[in-house]
Amino acid sequence: MKLEPSTLQIDFKNRRALVTGAGKGIGRDIAVMLHGFNAQVVAVSRTESDLKSLREEIGCETILADLGDPAAARRTAEQAGDIDLLVNNAAISILQPFLKTTIEAWDATMAINLRAILIVSQVIASRMIERGVAGSIVNVSSMAAFQALPDHAAYCTSKAGLDQLTKVMAVELGPYGIRVNSVNPTVVMTEMGKRAWTDPAKGGPMLARIPLRRFAECEDIASVVCFLLSDAAGMLNALALRIDGGFLAT
Ligand code: NAP
């Protein structure tokens, strides 16, 4: 495809986008931005009131599901229909010191942050291949994939695993024209971010290491996700793309 200036103006007209964890936080901003770029959005989350308000805001389709349940994850992906753009964003973080990390928290984290992405992506990518669609998938990972954060044993492990899953997916799906990338944000003060970083003793040193001297906003992540999903990023594949204001350079 020849890249024209118009290719760089993101337009997802006639493309159907599935966003998981779209009820709150980063996923919600991704859904709203995709809608702004004319995508037909299918939003998945597990709190009905969040989905209702998102429906009222952007007129999207919604699916209420707990993706930690493998059968529900499969059903959700099947129900979503013919998807061209997939954003695997839903995740949890349960803060526990390594020595106190429970089996329940470990299993719940892996079920939502990793297994659900495997299942949803298998269903969606298989359908893309059947339809001959050069789709794009973005997995929302974290800087926690690169950095060992205290109290985040399960979370860090799940995100490092997700980056590797992204690469294997990219290698196997690339020949079908399907691109798969991760984004790895720094702190964003969503409900998840606030739980971990509001305490100045934890958030302060983190902020001090970011050359831009601010945490990320949801739209900082949403704009990069939309770019990666777009044809303008046609040669980007298998990335773990840091959105960290330069944190890891310091
Ligand atoms: P958030 O504010 O906690 O929002 C997460 C969303 O995902 C919520 O709508 C939540 O629904 C949904 N969700 C969680 N588990 C689900 C499940 N089992 N099934 C369906 N939906 C589920 O989190 P966030 O900060 O926006 O995080 C979004 C993504 O960014 C995650 O992948 C996270 O790991 C990543 N990230 C976040 C930060 C940060 O500092 N915030 C930094 C780097 C990466 P309910 O509220 O109804 O449970």
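The values are calculated or read from the model by the stated rules, or taken from the named source; none is laboratory data. For clarity, every value in this text was computed on a predicted model and none was experimentally measured. Backbone-built Cβ (ideal geometry, glycine too); neighbour counts: all protein chains shown. In case anyone asks, the SASA skips ligands and DNA or RNA and just uses the protein heavy atoms, side chains included. Shrake-Rupley method; radii C 1.70, N 1.55, O 1.52, S 1.80 Å.
Show me the helices (runs of 4 or more DSSP H) found entirely inside the range 138-250 where at least 3 residues are more than 18 Å from the chain's Cα centre (by Cα).
The helices (runs of 4 or more DSSP H) meeting that bar are 153-173, 191-197, 200-208.
Among the residues of the range 45-56, is there at least one that is more than 16 Å from the ligand (Cβ to nearest atom) and assigned to a loop (DSSP other than H, G, I, E, B)?
Checked the range 45-56: no residue is more than 16 Å from the ligand (Cβ to nearest atom) and assigned to a loop (DSSP other than H, G, I, E, B).
Filter the range 74-118 for residues that are more than 20 Å from the chain's Cα centre (by Cα) and open to solvent by less than 60 Å² (accessible area, probe 1.4 Å); which is nearest to residue 31 (Cα to Cα)?
Checked the range 74-118; the qualifying residue nearest to residue 31 (Cα to Cα) is 105.
State all residues of the range 179-218 that are of a type outside the set (A, V, I, L, M) and within 21 Å of residue 162 (Cα to Cα); if no residue qualifies, say none.
Once the filter is applied, which keeps residues that are of a type outside the set (A, V, I, L, M) and within 21 Å of residue 162 (Cα to Cα), the range 179-218 yields 179, 181, 182, 184, 185, 186, 190, 193, 218.
Return the pairs, sorted by first residue and then second, in which the second residue is open to solvent by less than 60 Å² (accessible area, probe 1.4 Å) and assigned to a loop (DSSP other than H, G, I, E, B), the first residue lies in the range 221-250 and is free of Cβ contacts under 8 Å to residues at least 60 places away in the same chain, the beta carbons are less than 9 Å apart, and the residues are 6+ apart or on different chains.
245/186; 245/210; 245/215; 246/210; 250/210
Residue-wise test of (1) farther than 20 Å from residue 133 by Cβ; (2) under 19 Å from the mean Cα position of the chain (by Cα); (3) surrounded by 24 or more Cβ atoms within 10 Å (Cβ to Cβ).
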position	(1), (2), (3)
11	no, no, no
20	no, yes, yes
59	yes, no, no
71	yes, no, no
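Looking at the range 211-248, which of its residues are in contact with a Pro (Cβ under 8 Å, 6 or more places away or on another chain) and within 17 Å of residue 18 (Cα to Cα)?
Result: 221, single match.
Only one residue in 3, 34, 99 is away from the ligand (no atom under 14 Å from the Cβ), out of contact with any Ser or Thr (no Cβ under 6 Å at 6 or more places or on another chain), over 27 Å from residue 187 (Cα atoms) and not in a strand (DSSP E or B). Which one?
Step by step, each of 3, 34, 99 is checked, and only 3 is away from the ligand (no atom under 14 Å from the Cβ), out of contact with any Ser or Thr (no Cβ under 6 Å at 6 or more places or on another chain), over 27 Å from residue 187 (Cα atoms) and not in a strand (DSSP E or B).
For residue 73, only one of the following conditions fails: (1) within 21 Å of residue 122 (Cα to Cα); (2) part of a loop (DSSP other than H, G, I, E, B). What is its number?
Only one criterion is unmet by residue 73, namely (2).
Does residue 192 count as open to solvent by 20 Å² or more (accessible area, probe 1.4 Å) and more than 11 Å from the ligand (Cβ to nearest atom)?
When the stated conditions are applied, residue 192 does not pass them.
Residues of the range 104-157 being under 21 Å from residue 70 (Cα atoms) and touching a Cys at 6+ places or on another chain (Cβ under 8 Å), which ones?
none
Yes or no: the range 143-151 includes at least one residue that is within 9 Å of the ligand (Cβ to nearest atom) and open to solvent by less than 10 Å² (accessible area, probe 1.4 Å).
yes
Given the condition within 10 Å of the ligand (Cβ to nearest atom), closer than 30 Å to residue 11 by Cα and surrounded by fewer than 21 Cβ atoms within 10 Å (Cβ to Cβ), answer yes or no: does some residue in the range 195-216 qualify?
The answer is yes, given that some residue of the range 195-216 is within 10 Å of the ligand (Cβ to nearest atom), closer than 30 Å to residue 11 by Cα and surrounded by fewer than 21 Cβ atoms within 10 Å (Cβ to Cβ).
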